[in-house]
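Visitor: Before anything else, here's the structure in question.
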Amino acid sequence: MAAPKGGNFGKVLEIDLSTLTYKTRPVSEEILQQYIGGRGLGAYYAVTEYKAGKNPLDEDAFVFVGPGPLSGTMSVSYRTCFVNKNPLTGLLSHAETGAHLAGEIKWAGWDGIYIKGRAKKPVWFSVVNDKVEFKDASKMWGKTTEEAHAMMISDMKDPLIRTAVIGPAGENGALQANIIVERYRAASRSNVGPVFGNKKLKGFAVRGTKYAVPVVDSANFLTAARTAKTTNVQKEAWEGIKRWGTGGLLELKHFLHGSLITKNFQTTWYPDIVNIGGEEAARRFWKRHAACTNCPTHCLKLGVLRDGKYKGLVAEGPEYESGGLMGSNLGMKDFGQMIALIEACDAYGLDNISTGGTLAFVTEALEKGALKPADLDGLKPKWGDGDTYMEMIRRIAHKEGKAGKFMAQGVAKMSKQIGKGSEAYANVVKGRELAAHDPRGDKIRAYSYTMGTNGGDHHEGQGSKALAMTAMADSLCMCTFTSILVWGAGSDKIVTDMLNPLCGWAMKPEDYWTTAKRIITAERVFNVREGVSSKDDRLPKRMYAEKLPAGPKKNAVFTDEDQKKMEADTYGFFGWDAKGIPTEATLKACGLDYLIADVNAARKKHNL
Amino acid sequence: MDEKKLPDVLQKETTRRDFLRGTATAAGGAIVLTAVGGMVPKKAEAQYSVQAVAGTAPYAQKYLFAERQNCTGCRSCELACSLFHTGTARPAMSRVWVYKHKDMIDLPVICWQCDDAPCIAACPTTPKSITRDAKTNGIVLNEKICLGAKCMKCQEACPAKYIRGNPDTGQPLICDLCGGDPQCVKACHDQAGNPQGPCLMGRPVGIGVNMAYRSVTPEEAGKDLANLLFYPNVEGKRVVSVKTKKGR
């Protein structure tokens, strides 16, 4: 087992909450070269340590918090990836978040944090370089995410410490719960909140001052990192993201693209978007731009409401997903109320996407008579009714009453429970609520929703190649906005040009693709062991059954032919068979021989 | 590269940076790196000799300024500074740092190159451990005689509360202006596309403004900006009526 020469320290911080101890978990050069870091390394741990059917809320279940080899270097922007078995879907999931956490983990001398065990009473822990301290979180328990964040900062007496915390939703085990990083950034799409809550872990705080990421060949690495950054700065198309963040996409997808989700995917045409979209926010709300470490794109927009019911609210957003799910998806017309819903989710530690999907599903189910107000403790949500939605969010976060417990299971389980044809408008893939892109208007997005490991995730890559590139970006822990989306097909060269001098490797551009296929195929094997196959790689029923009634993509529908084409393309690209199961030859080619027996057993068990 | 997208109203002459940009277009960025990132630390002459390349006066940037409101908190200044001075990306070693105020405001904390240099006046050693370089106007530390963590009189004297301790040696981290070519300024300008323009600037004269700004502490500057931008919620509290207790 060789120690890494550059890019990594070869050390993952292993936290055991059952005993409140920590140790160094060595990670070898070979593993890092094969799985890179972040999402890939987390997938490696999951696929090698878990057996099929593992309960994600077991005491020894883990959450891997991973930066990547480029984090903490002169590379353009870095992110942190949270990997865990997802309690909402029962599948392997990963969630990426921005801010400054990734760099601090590296500068503290760690390649990642592996958290397992379950504390007896609420705890949090701090990591300052080599020093790890477990602290009592009983006073933080029940507090909102920004209160816990502020308490950690004041406890550490360090305004520059970086935090990751859950809110009441995660503590109470609401399945939509997420982790909020540094108050405004969220790691949501692995529904990691209830896992932290189950472990009685409120969160952690990290500051690194002692170490620098080792670089094997500094001059060449800096040249490559510089090229990568320049390529970003030069892209004119990204001016929009700089100006409006992703919030500007709200108007774009309504007016031009025909994929803005509206009222639980009933249409994509929502003229009221001009009152709640990016330009409205730019005019009345946003006050400044904020960036993750070393990022020229600064997509986070902070603003303050100066009138209305929520006057004085300082908030981040709307982003495309939060504005879509909490705006057009709920038929909101009042900007302040929409921002308040988004901010309430962040305060409670709820995923905007899953929560927005839940609220919209309940609203439609009530509209169609599948649910009665009596089933919801008297709640009567209607499109655009911000006050009721606010109350529903509060009840989900606290799992309060019959309605709260019912809604906190997410759309898939609610629909299964009520039946009455509600599956026709339960918009989930593999048990997870869809993000804000309607795949009838944005067909290439269907790859991300259906073929991605997470299921229902907008951020897995549009197209088979993009799936692979996204897996690399998430493992390197780079933001896709500053990497693959601007580099396109040239990503392989740009990335290997950076990695080789950084780590002392000799990766060729084609190795980039092999590595990506290895990571995705390992993740796929994990999910195949849980019974996933092509039957699960499908969009919600509505996408095949109902034509878009209005908008630029009027009459568009996702056809069986689209589905077949997408399956053939993706399975073909990754070397999986017609049922979406990785073939033995593919496993061998990816260096995943150790998973062949698992796949064969899964084929037999699930009749695949 | 399309220069229109990178407005730089403060540098009207052809600067070294523009020159390098132009060259970079032809040479695919490699030249920029040789000059900007690929330098070997601790060989001061080698670093600074690139000044002459563009034909501009050497040591032109004798003062730093910050348009604090434009800061996005990306910390590229910290990375560039630490890279220049230590050869590694390590913000804790940076001579410029980004302060975060109430989760709302990011702002750079810089050395204002005070003309009366209270830090130098406060330095108790003979000769002084920190001195001003007459040519560059930068403040230079003599690591051999500085008393380090047990002294830090310079830190106490700094009206801007700018000076931090080196986490390895305990000695103060003070801005030497990279010998007249501040790397933080370049890094900030490279974050081009900020609709508001870059935050950090280097100028040949201080015009006394530096002496006014220097008395503003990071916290005071944070309060100012919170007032300016986020009024009426200057404390940045989350005022959604989030009830955290059960019961209805």
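The values are calculated or read from the model by the stated rules, or taken from the named source; none is laboratory data. All values reported here derive from a predicted model rather than from experimental measurement. Counting neighbours? That spans all protein chains shown, and the Cβs are built from the backbone with ideal geometry, glycine included. For accessibility, only protein heavy atoms count, side chains too; no ligands or nucleic acids. Shrake-Rupley method; radii C 1.70, N 1.55, O 1.52, S 1.80 Å.
Visitor: Would you confirm whether any residue within region A:342-350 is away from every other protein chain (no Cβ under 14 Å), in a helix (DSSP H, G or I) and more than 20 Å from residue A:276 (Cα to Cα)?
Guide: No - not one qualifying residue is present in region A:342-350.
Visitor: Could you check region A:593-608 and list, in sequence order, the residues that are of a type outside the set (Gly, Ala, Ser) and either open to solvent by 40 Å² or more (accessible area, probe 1.4 Å) or more than 13 Å from residue A:582 (Cα to Cα) (or both)?
Guide: Correct list: A:593, A:594, A:598, A:600, A:603, A:604, A:605, A:606, A:607.
Visitor: In region A:532-557, how many residues are open to solvent by 10 Å² or more (accessible area, probe 1.4 Å) and farther than 27 Å from residue A:264 by Cβ?
Guide: Selection size over region A:532-557: 0.
Visitor: Looking at residue B:178, is it away from every other protein chain (no Cβ under 14 Å), of a type outside the set (A, V, I, L, M) and in contact (Cβ under 8 Å) with a residue 24 or more places away in the chain?
Guide: Yes; evaluated as a whole, the condition is true for this residue.
Visitor: Anything in region A:21-70 that is in a loop (DSSP other than H, G, I, E, B), crowded, with 17+ Cβ neighbours inside 10 Å and without any contact (Cβ under 8 Å) to a residue 60 or more places away in the chain? List them, or say none.
Guide: A:54, A:62 - these are the residues of region A:21-70 that are in a loop (DSSP other than H, G, I, E, B), crowded, with 17+ Cβ neighbours inside 10 Å and without any contact (Cβ under 8 Å) to a residue 60 or more places away in the chain.
Visitor: For region B:128-143, how many residues are farther than 14 Å from residue B:170 by Cα, out of contact with any helix residue (DSSP H, G or I) (no Cβ under 9 Å at 6 or more places or on another chain) and assigned to a loop (DSSP other than H, G, I, E, B)?
Guide: The total comes to 1.
Visitor: When you check residue A:150 against the structure, is it within 14 Å of chain B (Cβ to nearest Cβ) and out of contact with any Cys (no Cβ under 9 Å at 6 or more places or on another chain), yes or no?
Guide: Spelling it out, residue A:150 is indeed within 14 Å of chain B (Cβ to nearest Cβ) and out of contact with any Cys (no Cβ under 9 Å at 6 or more places or on another chain).
Visitor: Now a separate question. Residues that are part of a loop (DSSP other than H, G, I, E, B), open to solvent by less than 20 Å² (accessible area, probe 1.4 Å) and more than 7 Å from chain A (Cβ to nearest Cβ): does region B:73-90 have at least one?
Guide: No, every residue in region B:73-90 fails to be part of a loop (DSSP other than H, G, I, E, B), open to solvent by less than 20 Å² (accessible area, probe 1.4 Å) and more than 7 Å from chain A (Cβ to nearest Cβ).
Visitor: Next up: Looking only at residues in region B:118-127 that are in contact with a helix residue (DSSP H, G or I) (Cβ under 9 Å, 6 or more places away or on another chain) and surrounded by fewer than 20 Cβ atoms within 10 Å (Cβ to Cβ), which one is farthest from the other protein chains (Cβ to nearest Cβ)?
Guide: Applying the filter and picking the extreme gives B:121.
Visitor: What helices (runs of 4 or more DSSP H) lie completely within region A:222-278 and have 1 or more residues being more than 14 Å from chain B (Cβ to nearest Cβ) and open to solvent by less than 60 Å² (accessible area, probe 1.4 Å)?
Guide: Here the list reads A:249-252, A:273-276.
Visitor: Would you call residue B:89 free of Cβ contacts under 8 Å to residues at least 60 places away in the same chain and within 30 Å of residue A:303 (Cβ to Cβ)?
Guide: Criteria not met by residue B:89.
Visitor: While we're on this one: State the number of residues belonging to region A:182-221 that are open to solvent by less than 40 Å² (accessible area, probe 1.4 Å), part of a helix (DSSP H, G or I) and not aliphatic (A, V, I, L, M).
Guide: Count: 5.
Visitor: What residue, among those in region A:163-181 that are within 25 Å of residue A:16 (Cβ to Cβ) and within 10 Å of chain B (Cβ to nearest Cβ), is surrounded by the fewest Cβ atoms within 10 Å (Cβ to Cβ)?
Guide: The extreme case among them is A:172.
Visitor: Please work out which residue is nearest to the other protein chains (Cβ to nearest Cβ), limiting yourself to region B:193-213 and to residues that are in a loop (DSSP other than H, G, I, E, B) and surrounded by 15 or more Cβ atoms within 10 Å (Cβ to Cβ).
Guide: This residue is B:193.
Visitor: Among the residues of region B:101-111 satisfying the criterion of being more than 26 Å from residue B:206 (Cα to Cα) and open to solvent by 10 Å² or more (accessible area, probe 1.4 Å), which is farthest from the other protein chains (Cβ to nearest Cβ)?
Guide: B:102
Visitor: Okay, moving on. Within region B:153-167, track down each residue that is within 12 Å of chain A (Cβ to nearest Cβ) and either crowded, with 23+ Cβ neighbours inside 10 Å or touching a residue at least 40 places away in the same chain (Cβ under 8 Å) (or both).
Guide: Passing the criteria: B:164, B:166, B:167.
Visitor: Here are some conditions: (1) part of a loop (DSSP other than H, G, I, E, B); (2) open to solvent by 10 Å² or more (accessible area, probe 1.4 Å); (3) under 18 Å from residue B:67 (Cα atoms); (4) touching a Lys or Arg at 6+ places or on another chain (Cβ under 9 Å). Residue B:186 meets all but one. Which one does it not meet?
Guide: Here residue B:186 meets the rest and fails (1).
Visitor: Taking residue A:425 as the residue in question, decide whether it is more than 13 Å from chain B (Cβ to nearest Cβ) and among the hydroxyl-bearing types (Ser, Thr, Tyr).
Guide: Spelling it out, residue A:425 is indeed more than 13 Å from chain B (Cβ to nearest Cβ) and among the hydroxyl-bearing types (Ser, Thr, Tyr).
Yes or no, residue by residue, for (1) under 30 Å from residue A:545 (Cβ atoms); (2) among the aromatic types (Phe, Trp, Tyr):
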{"residue": "A:216", "(1), (2)": "no, no"}
{"residue": "A:246", "(1), (2)": "yes, no"}
{"residue": "A:265", "(1), (2)": "yes, yes"}
{"residue": "A:277", "(1), (2)": "yes, no"}
{"residue": "A:313", "(1), (2)": "no, no"}
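Visitor: Further, regarding this structure: Select from region A:71-103 the residues that are part of a loop (DSSP other than H, G, I, E, B) and more than 14 Å from chain B (Cβ to nearest Cβ) and write down the one among them that is surrounded by the fewest Cβ atoms within 10 Å (Cβ to Cβ).
Guide: If we take residues in region A:71-103 being part of a loop (DSSP other than H, G, I, E, B) and more than 14 Å from chain B (Cβ to nearest Cβ), then A:90 is surrounded by the fewest Cβ atoms within 10 Å (Cβ to Cβ).
Visitor: Here is a follow-up. Of the numbered conditions (1) within 12 Å of chain B (Cβ to nearest Cβ); (2) in contact (Cβ under 8 Å) with a residue 12 or more places away in the chain; (3) under 25 Å from residue A:494 (Cβ atoms), residue A:216 satisfies every one except a single condition; which is it?
Guide: (1) is the only condition that residue A:216 fails.
Visitor: State the number of residues belonging to region A:558-590 that are touching a Leu at 6+ places or on another chain (Cβ under 6 Å) and open to solvent by less than 60 Å² (accessible area, probe 1.4 Å).
Guide: Qualifying residue count, region A:558-590: 3.
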